[in-house]
Every structure is written in structure tokens, then in C-alpha cells.
Amino acid sequence: MAYQENSAMAESGNSGYGCTNLVAAVMVALALASSAPCCRAQEMAQGPPPRLASDPHVDPRIAEAIRQVSAERIGLTIDKLVSFGNRSTISPQDEYSIKAGKGIGAAREWIKAEFERYSKDCGGCLEVKTDTFTEQPGERIPKPTEIANVYAVLRGSDPKQADRIVLVTGHYDSRNSDTLNGTDPAPGANDDGSGTAVSLECARVLSQAASKLKFPATIIFLTVAGEEQGLNGSKHFAQMAKQQGWKIEAVLNNDIVGGNLSPGQDSSVVRVFSEGLPAAATEAEIKRIRMLGGESDSTSRELARYIADVGRSYNAGVKPLLIFRLDRFLRGGDHYSFNQQGFAAVRFTEFREDFSHQHQNVRKDDASGIEYGDLPKFVDFDYVAHVARLNAATLASLASAPAPPASVKMQTKNLENDTTLTWEPSAGAAAYEVVWRSTNAADWEYVQTVSGGTRATVKVSKDNVIFGVRAVDAAGHRSLPVVPEPER
Ligand SMILES: [Zn+2]
């Protein structure tokens, strides 16, 4: 905690939220805990300290909504998905197989029917859709194969903001030891029955809550296929979204969130992976990132920090553990398809994976006693429910919040020790907040409220910290923060 120049003052005056004695005490403690480099800055410090950015915000209606997530229902969903036998993208999807309840076609039809059932229960509040296309033969696709992404749309209640989209996804296809085997058991309870169950349960719970909560922005609950063959489904969906100009602000990809019950698991956390340098950045953007030290401020990284904020605010039962990396070694996931199209997207995955329970034929090795296969008995349904609560709270918070501020700029015309930020008004905003952190800090440290206007001068040097600006509505819902671009 090296940063000490804590005399921030928004140009437009007071902090609407005030500072509690506790925060002040923490600030003093932080100041005392710091060593030599602090002292000069401390002498310069004057005026009220900013609040700590770890200050939580709870909407009691969102807290109530996420309590409705049911581990039992999630267990039933995962068992049902496993009952289709093999959900490989190349498994049968003819009429006969669908009727027999086997293969990916049967899984697709069941997911669709589930979304439709939830919609019926909320008075038709969900639009249930499929994004279907034919994938041409490739390394893992032997012949032209129909792939269908199934999704439900909970349209935003504010016509001015309904084009803003937040999205949760999981993949419903599965595989066993052989990517080209579409017939033998490939239960895929954890990979990715768990993520599919998160999407479905978020749809059920948030569609029920929508009548009371009135989300101004749109929420999409997506399940994709083709993940195991090469992210085919998510790639098609993300490209479609990009081509059609969808304003997707956040993608939550849940893949292997079963909290598998083997030694070494830590069921108190879920990993949240986010890219550093954006996959879609142009050469010019990479150059700017290099100049500004923006390597840890992709929109996906800001989304990860937002999830950390939600994790502090709501009792989901599991805490996000931010991993500043695109994905695990040797593995990829559907969030990358969205990153490639320039969307903010992160991946949720259990803390410790058991590779004998993923991508394996169901079998037992008599010599070692090891049981292989991705079976429901290795999945912790309570853990999946906790992850679903964290997802639902994030979706609800983002969809309730105003749009993130646009055209956020930091003035760099003159050499000066203050920092002036400007931005354009956001639909639904009652106030704005400037957040900042030391360049070597992982998460936002301080926040200063700007109660009016779209311009603030903060008594902190832009050379020493990274700034962001977020919009806040009257109820305190926070948008994603936007890191300013320098303006000369
Ligand atoms: Zn997976």
C-alpha cells in the first residue's frame, strides 16, 4: 500500500456517500503501516480522505433473488443432462435419437423446453431462441454438422437501455477420451453440465425476480455447443453479435464449476480468469497500452474486478479468486470467442480441477483404484449453486446499473500534479464515481463520488495511479468502470 496522496476532491464538491469512522480509521492504519516513501505525501495530504473502494454495496432485492437459487434444481439439471448419454457435438441429433432421449439433439430440445417453462412461469418474460448453423468439416468435425446455441433473452425494461446486454453462458456439449466418439458415455456432469446448469438457474431465478427488480438492461442466458470441437458455437454466436452491433457489456462463461469432490479442492473460492492484453486490440491500441501501463486494464479485467466487488457485497457462498490470465495451461474456453470479437468476457472455473474426471471414458483402473469419468457423483451441487448465486448477483447488478460512462478522457495538456477527468452522461446515472489504484495494486483502492456533472479534478497525480470512472444510479448500483484515454 504505497499510495498516500489521499486528498482527493472531486471538482463538483462533496462525497454523497460520506466516510465512516471505520473507513477513516482504516485509512489512518494504512498510513501508519506504510514506510518511508509515504511521509512526504502524507505531509501534503489535506482534506477528507476518499472512501476505500472495497466499500460494498448491497441491493436487498438482489440479495433476495439470489437466495432463490436451488442446489436441488441444479442437481436435477445436471442429472438430466447426463441422462442424454453422449452430448458430443457429433453425436446423433436425428428425430429417432431425440425421441429416445439420447445425444446432443435431445439435450438441445430439453434445454429449449426448460427456458420455455421458465418463461411461462414469468408470464412470457423470456424470448427463447436458437442460433443454428452448419459447421463444415475440420479436424474435430468429420462431416458437415448442425450446431445450435440455445438462449433466452430477458429484455431490458428501459427502452433507452434495453440495447445494453449482459450475458451468462455454459457449453452443453460433452466429450469422453476421444473427441471423435459420439456414442459411448460422455456424461459431462462437471464439464460442462455445471456451467449449463448455472445459465439455466440464473434464467429461472432472474426471470422470476424481473417483475420486482425491473432490470433496465437486457440479460441473455446462453448455452452453446461445439466447445469441445473447437469453440465453434461461441465463435458463431460472438461473430453474429459483433456483426449485428450488439452492445454486450459483459460475458460470464462458466465452464467446470462443479467443485469436484476430490482432495485439494477449496470450495470457498471460484477462479475468475480474465485476459490482460485484449485479443482484439489493434497495433495502435497495443502501443497506447504499452505507453500508459494499461496491461492490466482490459475491459475483461475490469469485469473481473467488478465480480470481486459483487463477491464482497453479496453472500453467494463462494468468493471469486481473480486469476490475471486468459485461461489455464493447455485449455481454452468460450469466453475467448467473445474476447476475439472485442467483448469483455471472463471464465469461472472451480479452484482445483481433477483431470481424471474430465475428458475421460468412464472406467475404473483396478491397479490404482482410480475412477475415471465426469460423473455427477463427483460434483458438489451446493458449490454449483454458490457459483450460480455469484453469477446471478453480477448479472443483476450490471443490468440494474446505468450504462458505463462514454468518452472518458483524462486531460494531459499540461504538466500538473492534479488530474482532471471528463466523460459523457450515462443513461440512468444519478452520480459518478472516480476510482483509482496504485499502478502496482491489483484492485481499485479508492473512490471519490462526483455528485453532479461529468467532470472532476482529483488531487492525485495521474503519473502514480490508474483511474477509472463509473456511473451510479439513485439506488447505488454501479456500472463497470471505464479507464480514461489521455486527451491533449
Ligand atoms: Zn468445458
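Counting the residues of the stretch 239-267 that are more than 16 Å from the ligand (Cβ to nearest atom) and crowded, with 16+ Cβ neighbours inside 10 Å gives 8. So in the stretch 415-436, with the set limited to residues that are among the acidic types (Asp, Glu) and touching a strand residue (DSSP E or B) at 6+ places or on another chain (Cβ under 9 Å), which one is modelled with the highest pLDDT? Only one residue fits best here, namely Glu424.
Pairing each residue of the stretch 198-225 that is on the phi > 0 side of the Ramachandran plot with any residue that is surrounded by fewer than 24 Cβ atoms within 10 Å (Cβ to Cβ) and at pLDDT 95 or above, provided the two are 6+ apart or on different chains, yields C-beta distances under 6 Å for Lys214/Ser157. For the stretch 207-227, a residue qualifies if it is open to solvent by less than 10 Å² (accessible area, probe 1.4 Å) and within 16 Å of the ligand (Cβ to nearest atom), and the qualifying residues are Leu222, Thr223, Val224, Ala225, Gly226.
Could you check, for the stretch 424-433, whether at least one of its residues is in contact (Cβ under 8 Å) with a residue 24 or more places away in the chain and closer than 21 Å to Glu295 by Cβ? Before you say what the answer is, go through the steps one by one.
So the first thing to find is which residues in the stretch 424-433 are in contact (Cβ under 8 Å) with a residue 24 or more places away in the chain, and the list is 424-433.
Then keep just the ones that are closer than 21 Å to Glu295 by Cβ; that gives none.
Looking through the stretch 424-433, none of the residues is in contact (Cβ under 8 Å) with a residue 24 or more places away in the chain and closer than 21 Å to Glu295 by Cβ.
Restricting attention to the stretch 228-238, the residues that are within 16 Å of the ligand (Cβ to nearest atom) and farther than 23 Å from Ala392 by Cβ total 6.
Residue-wise test of (1) buried (at least 19 other Cβ atoms within 10 Å of the Cβ); (2) modelled with pLDDT under 95; (3) farther than 30 Å from Ala441 by Cα; (4) in contact with a strand residue (DSSP E or B) (Cβ under 7 Å, 6 or more places away or on another chain).
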position	(1), (2), (3), (4)
Ala36	no, yes, no, no
Gln42	no, yes, no, no
Val82	yes, no, yes, no
Ile104	yes, no, yes, no
Glu109	no, no, yes, no
Lys112	no, no, yes, yes
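Report whether or not Leu180 is more than 10 Å from the ligand (Cβ to nearest atom) and open to solvent by 10 Å² or more (accessible area, probe 1.4 Å). When the stated conditions are applied, Leu180 passes them.
Cβ separations smaller than 9 Å between residues 6+ apart or across chains give the following pairs from the stretch 472-488 residues that are among the basic types (Lys, Arg) to residues that are in a strand (DSSP E or B): Arg478/Glu433; Arg478/Arg470; Arg478/Ala471; Arg478/Val472; Arg488/Gln411. Remark: pairs (first residue in the stretch 402-415, closer than 17 Å to Phe467 by Cβ; second residue polar (S, T, N, Q) and assigned to a loop (DSSP other than H, G, I, E, B); Cβ separation under 6 Å; 6+ apart in sequence or on different chains) = Pro404/Ser479; Pro405/Ser426. Pairs are defined by a Cβ separation below 8 Å, a sequence spacing of at least 6 or placement on different chains, a first member in the stretch 159-179 that is of a type in the set (A, V, I, L, M, F, W, C), and a second member that is open to solvent by 10 Å² or more (accessible area, probe 1.4 Å) and assigned to a strand (DSSP E or B); the pairs so defined are Ile165/Lys247; Ile165/Ile248; Ile165/Glu249; Val166/Ile248; Val166/Glu249; Leu167/Ile248. Among the criteria (1) in a loop (DSSP other than H, G, I, E, B); (2) within 16 Å of the ligand (Cβ to nearest atom); (3) closer than 23 Å to Val153 by Cβ, the one Val387 does not fulfil is (1).
Look at (1) in a helix (DSSP H, G or I); (2) under 25 Å from the mean Cα position of the chain (by Cα) and you find that Pro56 fails only one, number (1). Evaluated against (1) away from the ligand (no atom under 16 Å from the Cβ); (2) crowded, with 23+ Cβ neighbours inside 10 Å, Gly195 falls short on exactly one condition, (1).
Here is a yes/no grid of residues against (1) within 24 Å of Ala65 (Cα to Cα); (2) within 16 Å of the ligand (Cβ to nearest atom):
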site: Glu146; (1), (2): no, no
site: Tyr151; (1), (2): yes, no
site: Arg155; (1), (2): yes, no
site: Asp173; (1), (2): no, yes
site: Cys202; (1), (2): yes, no
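From the set of residues in the stretch 336-371 that are part of a strand (DSSP E or B) and away from the ligand (no atom under 16 Å from the Cβ), which is least open to solvent (accessible area, probe 1.4 Å)? Step by step, filter the stretch 336-371, then rank; the result is Glu371.
Taking only the stretch 101-125 into account, find how many residues are part of a loop (DSSP other than H, G, I, E, B) and charged (D, E, K, R). Reasoning before the result, please.
Of the residues in the stretch 101-125, the ones part of a loop (DSSP other than H, G, I, E, B) are 101-103, 122-125.
Those still in the list that are charged (D, E, K, R) too: 102.
So the answer is 1.
Just so you know, in the stretch 291-335 the residues that are basic (Lys, Arg) and open to solvent by 50 Å² or more (accessible area, probe 1.4 Å) include one that is farthest from the chain's Cα centre (by Cα), and it is Arg331. All conditions but one from (1) farther than 28 Å from Gly276 by Cα; (2) surrounded by fewer than 21 Cβ atoms within 10 Å (Cβ to Cβ) apply to Asp374; the one that does not is (2).
The values are calculated or read from the model by the stated rules, or taken from the named source; none is laboratory data. Since we're looking at a predicted model, the values are computed, not measured. With ideal geometry, Cβ positions are generated from the backbone for all residues, glycine too; neighbour counts draw on all protein chains shown. Heavy atoms of the whole protein, side chains included, go into the accessibility calculation; ligands, DNA and RNA do not. Shrake-Rupley method; radii C 1.70, N 1.55, O 1.52, S 1.80 Å.
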